[in-house]
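Down below is the structure, laid out as structure tokens.
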Amino acid sequence: MAEFDNVIIYLRKSRSDDPMQTVEDVLAKHESILQDYSIKQWGKPVPENRIFREVVSGETIQDRPVMQQIMKLLETGFISGVLIIEPQRLSRGDLQDCGRIINSFRYTNTVVITPPKTYDLSDEYDRKFFEMELTRGNDYLEYTKKILNRGRIASIKAGNYIGNIAPYGYRKVVIGTGKDKYHTLDIEPKEAEAIRIMFDLYVNKDYGFTNIAHFLDSAGYKPRNSDNWSPAAISSMLNNEIYIGRVVWNRRQTVKKMQDGMIVRTRPRHSDYISVPGKHPAIISDELFYAAKKKRGRTPKIKKFTELTNPLAGLLFCGRCGFAISMKKYTDKRSKTGHETITMLCNNQSNCHTKSVMYSLVIAKVKLSLQQAIDDFEVHVNNNDDSEQILQQNIINNLTEELEHLKEKDIRQKDAYEDGIYSKEEFLKRNAKLTEQISITQEKLNNALLEEPRVCDYEEKIVRFRDCLNALDDDNVSAAVKNTLLKACIDKILYYNDSPSLPGIGRYVDNPFRLEIFLKL
């Protein structure tokens, strides 16, 4: 049994919980059960500083920051046990997520404690039962998602609004009671006024998105979650059918795909999305909306340059406001030397006031990060890291053993029926349940056999990252090629700089800044 001083509690709401209960209610209920267990087992409750509550919704580990925090905590070796209400609270994800959870507990010698049972994942049988619990949770999750999605689509087609947050210009309201209750939208007068101005300026006054944003700012119309309007927000709202009284669903449905050995999520625009008349009032007329839509088609965006000049295009963003950071080139005309200075500047600098930085300084930190990643990859190569393949084979072996056990049980049941031990009714009842278990286990085994384990080719990563690093040092390599190589190694870069935007900083005074670089590891 784990030592009390090294035990933590992890709490998370699941889809299997009562949907009418809030996250806080569910977590409080489970905390009470686990604290009762702690008092019974160790004579005292777990203190507050050792209780971790996951309040965000997420199917995978990468969507749950508290779970990521716990996994890092396990690696320190100071935690000997995690107390949870049931194993599925740790993960209802795919085999890859289940594998990460199992490895984290197994190789840090941390036990999983639930009121009915404690799982020591260094023990073969405990690990097998724990894996079965996690995969059963994933089966339930997939089934629940299908049922919930079916209900959402039916509600959308009835004209209801099921989004969590009402779009700008509306507030979410509930109409009716009992079975007749539904969610829809009601107009927010001040915000609706901004919407009408937005469409009028675009269609009738030939304002662009940037000028519309400046006009709304100066007129005192504020967006909900920021101090200033952005051209991107204006563009999106002018294309939103919600403002002509329609409800849209799955226009930007999340799509998962494998990229560089990792599952990445994209939200591409779909042409077969659902668009139906809603139960909410329109803010603008159909004529005005489609006039705006037609104008967008007549005035496509023209690129200023035909050739890419910024190797960090599409990668570098301001950590303060989220806008892209662009490359600016300045030529020294006063000294007649023709010296060119290259800086990186936030596209929203007039509002967020983030200090610019020399391009060379940013590239230096990017190169350092790439070199550190290469060093880490070389350590993995030297250690012959193949834990993912071993885990995959263990899952297949466990499912194979379970399937053989169920088939043997099926034979024994049939023998018992033939020997007269079971009546026909009792045999049919027992065998139907067993047949279903065999079918489910067989399907799991088939999926496990088809699913490729995440093979991390560290030697390939070393080559890819080194090619990128060498290209950054080569002036003969074009910015477009450097950009392609960088995007193969880096997902995005966030730039933070709290220095005041004053003359001299960066030239005569040190310009401290930091980068948060998300590598494709």
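The values are calculated or read from the model by the stated rules, or taken from the named source; none is laboratory data. These numbers were taken from a predicted model, which means no experiment stands behind them. Ligands, DNA and RNA are stripped out before the accessible areas are found, and what is left, the full protein with its side chains, is counted by its heavy atoms. Shrake-Rupley method; radii C 1.70, N 1.55, O 1.52, S 1.80 Å.
Overview of results
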item: In order through the stretch 360-372: 3J(HN,Hα) via Karplus (6.51 cos²θ - 1.76 cosθ + 1.60), integer Hz, x for Gly, Pro; result: 4, 5, 5, 4, 4, 6, 5, 4, 5, 5, 5, 5, 5
item: Solvent exposure ordering (accessible area, 1.4 Å, most first) of 42, 229; result: 42, 229
item: Solvent accessible area, Å² - residue 414, 1.4 Å probe, full protein context; result: 90 Å²
item: Accessible-area value, residue 133, 1.4 Å probe, nucleic acids and ligands omitted, Å²; result: 40 Å²
item: Interchain or long-range residues, amide H under 5 Å from residue 492's placed H; result: 518
item: Amide H contacts of residue 83 (H built 1.01 Å from N, under 5 Å, at least 5 apart or other chain); result: 8, 9, 10, 113
item: By accessible area with a 1.4 Å probe, ligands and nucleic acids excluded, highest first: order of 358, 132, 67; result: 358, 132, 67
item: HN-Hα J in Hz across the stretch 459-469 - Karplus 6.51, -1.76, 1.60, θ = phi - 60°, x for Gly and Pro; result: 5, 5, 5, 4, 5, 5, 5, 6, 4, 5, 5
item: Greater than 18 Å apart at Cα, pairs in 461/520; 424/444; 329/520; 414/444; 329/355; 329/492; result: 424/444; 329/520; 414/444; 329/492
item: Amide hydrogen neighbours beyond the local backbone of residue 166, cut-off 5 Å, H modeled; result: 172
item: Inter-part distance where the stretch 146-190 and the stretch 398-471 are each reduced to a Cα centre, Å; result: 41 Å
item: Computed accessible area, residue 183, all protein chains, 1.4 angstrom probe, square angstrom; result: 80 Å²
item: Gap separating the Cα centres of the stretch 107-130 and the stretch 220-249, nearest whole Å; result: 50 Å
